[in-house]
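See structure below.
The values are calculated or read from the model by the stated rules, or taken from the named source; none is laboratory data. In this text the structure is predicted, and so the values were computed from the model without any measurement. Positions of Cβ are backbone-derived with ideal geometry, glycine not excepted, and every protein chain shown enters the neighbour counts. Each accessible area value is taken on the protein alone, full model and side chains, heavy atoms only, with ligands, DNA and RNA left out. Shrake-Rupley method; radii C 1.70, N 1.55, O 1.52, S 1.80 Å.
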Amino acid sequence: MIEGNFIVLEGIDGSGTTTQAAALKRRFLDQGLPAHVTAEPSRGPVGSIIRQILTGRLVFHHHQRVTAPSWRIMALLFAADRQDHLEAEISPNLRDGVNVICDRYVFSSIAYQSVSSEDPDAVDWIRTLNRYVRTPDLILYLRLPPEEAIRRCRERDQGLELFDEPEFQKKLAVAYDTIHNLQRDTNVVTIDAAAPIDAVTDACWSHVVSLRSDGGVA
Ligand code: TMP
């Protein structure tokens, strides 16, 4: 059985990763190819703890103070969730020949948790935590100016989560660009996410097609 392709979408909040994951799945299905959409944090046990933290339903008590968990705890939780997600959902689907489209993966940990920290070694430490997870066949980085992303998030107005402050989103945009520049040799492509939704899907799909036709990223 030929394994499916493992495709990851990355970008700051509001960049459209969730919309594009669904659109890419439709393109696969239209071609008669099996596809499965998933996301991180996952729907697994660790992922559901993370979701409760992100929405403020689960808080930590440190020295009689109620607080959100530190960036280190978050990085460890995300790494644990990723491993569970791979073992329980991603790898079994790929082995069955199903293409897996994952909304966020290791880049999100590097970007979000390093921006949350003041530690210059954060990026190295987070990379180490995620060193043995499966490498995606293709990472589509949906690049969007933070001002536009913030505007879209306000329009959506789904209630504020842990990482939603505008200043954080601006730092995050810089972090994503930096990670991307450092990873030029890998299977990452940048997509202009400010374009209309269908044009963004076309751009993403063209990279998926070249991945499938020549076993690499154009
Ligand atoms: P989303 O469902 O809106 O993408 O929410 C997930 C949030 O979790 C988003 O703000 C990004 C954040 N996140 C991290 O901080 N680290 C990670 O490793 C992942 C996968 C997500």
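Here are a few things to note about the model shown:
- Rounded if a/c under 1.5, otherwise prolate or oblate - the range 6-213, Cα gyration tensor axes: prolate
- Contour minus Cα-Cα distance for residue 213 and residue 18 (0.36 nm per residue): 67.7 nm
- Antiparallel bridges, percent of DSSP beta bridges restricted to the range 6-213 (to nearest 5): 15 percent
- Percent carbon-and-sulfur accessible area, the chain, ignoring ligands, DNA and RNA, probe 1.4 Å: 52 percent
- Residue-normalised accessible area of the chain, expressed per residue, 1.4 Å probe, Å²: 52 Å²
- Across the chain, C-alpha contacts under 8 Å between residues 6 or more apart give a mean separation that, scaled by the residue count, equals a relative contact order of 32 percent.
- For the residues 39, 75, 199, a GNM of the chain with alpha-carbon springs under 10 Å puts the largest fluctuation on 199.
- Computed [θ] at 222 nm, deg cm²/dmol, the chain (DSSP H ≥ 4; -39,500 (n - 2.57); rounded to nearest 500): -14000 deg cm²/dmol
- Among the trypsin sites (Lys or Arg not before Pro) in the range 15-108, those placed in a DSSP loop whose Cβ has at most 15 other Cβ atoms within 10 Å are 43, 57.
- Note on the chain: with charges restricted to the Cβ of Lys and Arg (+1) and Asp and Glu (-1), its dipole about the Cα centre is near 320 debye.
- Taking the charge dipole of the range 6-213 about its Cα centre, with +1 at Lys and Arg Cβ atoms and -1 at Asp and Glu Cβ atoms, the residue from 122, 49, 149 reaching farthest to the positive side is 49.
- The simple Förster model, with R0 at 30 Å and r as the Cβ-Cβ distance, assigns residue 48 and residue 26 a FRET efficiency of 0.65.
- Dipole axis of the chain (+1 Lys, Arg; -1 Asp, Glu on Cβ), positive-most option in 35, 179, 92: 92
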